[in-house]
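Heads up, the thing below is written out as structure tokens.
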Amino acid sequence: MQAKANVALLGPPGVGKTHIAVALAVAACRAGFTVYFTSLDDMVRHLTAADAIGRLARKLHTYLRPNVLVIDEVGYQPLERTQANLVFQVISKRYEKGSTLLTSNKSFGEWGQVFGDEVLASAILDRLLHHCDVVAINGPSYRLKNRLTAIDGQADVA
């Protein structure tokens, strides 16, 4: 079996991680791959709801089926242990079967806090990073930079 490549885009808010993830997802679509884009919060909410009504296996298929799964905003909200276990199931079942692209504002060393368990975070990272290109993006927030430019421009005019 040929290993599938993963991509992790890491950096502070506003540096363009989601923008790059969307561009890569569009490129994958144009190349004929199936793609599913979700935030981690939405994925966990949908999996939790499905689990509550006995439809977890069916909902997991939503995230296992596409060639490329894009998980945006990993780390913005800490997860409870049961939610982190659902994420582990997705990553574990996709391991070497499909590509995963994720964005995160947290370094991998902080993922224990995000997933509420160092061992679980290590297990997720072990599978994710085995075939992964990690891109660290640093710099000022584009949103904040644009806002400050607008404010500075108005201050110069006044």
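Observations, loosely collected:
- Summed residue charge, Cβ within 11 Å of residue 92's Cβ, Lys/Arg positive, Asp/Glu negative: +2
- The structure-derived value of Cα Rg over 2.2 N^0.38 Å appears in the list [x] 1.44; [y] 1.16; [z] 1.01 under the label [y].
- For region 6-157, size of Cβ-based charge dipole, Lys and Arg +1, Asp and Glu -1, in debye: 580 debye
- Placed amide H near residue 137: partners under 5 Å, 5+ positions off or other chain: 10, 11
- Percentage relative contact order, the chain, counting C-alpha pairs under 8 Å, at least six apart: 38 percent
- DSSP H segments from the chain that extend 24 Å or more along their own axis, Cα-based, with Kyte-Doolittle mean of 1.0 or above: none
Values quoted throughout were computed directly from the atomic coordinates according to the rules given, and no laboratory measurement underlies them. Computed from a prediction, not measured in an experiment: that's the story for all the values here. Positions of Cβ are generated from backbone atoms using ideal geometry, with glycine treated the same way; all protein chains shown enter the neighbour counts.
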